[in-house]
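Worksheet for the structure shown next.
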Amino acid sequence: LFYSIVNILFSILLLAAEGGNVTVRCSLSLHPRCRKFLCREECDKFLIDTNDEIATSDRYKIKYGSRSMFNVTIGRLTESDSGRYRCGVGRNHGKNTCQEFEITVTGGEFLMEIMENVPVCFWRSGDRLVIFLTDTDACHLSHLDDK
């Protein structure tokens, strides 16, 4: 199978704490039995690749959510997990569709608080504090221009 032809929809940057987990919502159109995958960099090797609705392989998990999304989780993060990833849907005809994201694993800590029904995330590492809003149940920074 050949996977180098892809459509990349958008990119997300996530900060994650070492030893923790990160879950990314892959907002891609799919059927429950479509092929779903997670890979690093240019997708030379798949970390997990499945047609099942839920699959786990080592520290990686894929879980189908709806016709418009599935979640990928990477567990027990280490600094070597920092880098660029793609979650994608395999197409029998045409290009695979991928969503790109980048993870930076740090020794910092995350905290999520709900303030007036709005999720607010705090990330602390040493004397640095980043505060940001989120529209999901996970803390992440998206669409940053100063990568």
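Read the figures in this text as sums done on the coordinates, not as results from a lab. Remember, predicted model here, so these are calculated numbers, not experimental data. Virtual Cβ from ideal backbone geometry, glycine too; neighbours counted across all protein chains shown.
Things to note:
- Spacing of the modelled spin labels on ARG59 and LYS45, each 7 Å from Cα toward Cβ, amounts to 1.4 nm.
- The residues packed around ASP58, meaning those with a beta-carbon under 14 Å from its beta-carbon, carry a net charge of +3 if Lys and Arg are +1 and Asp and Glu are -1.
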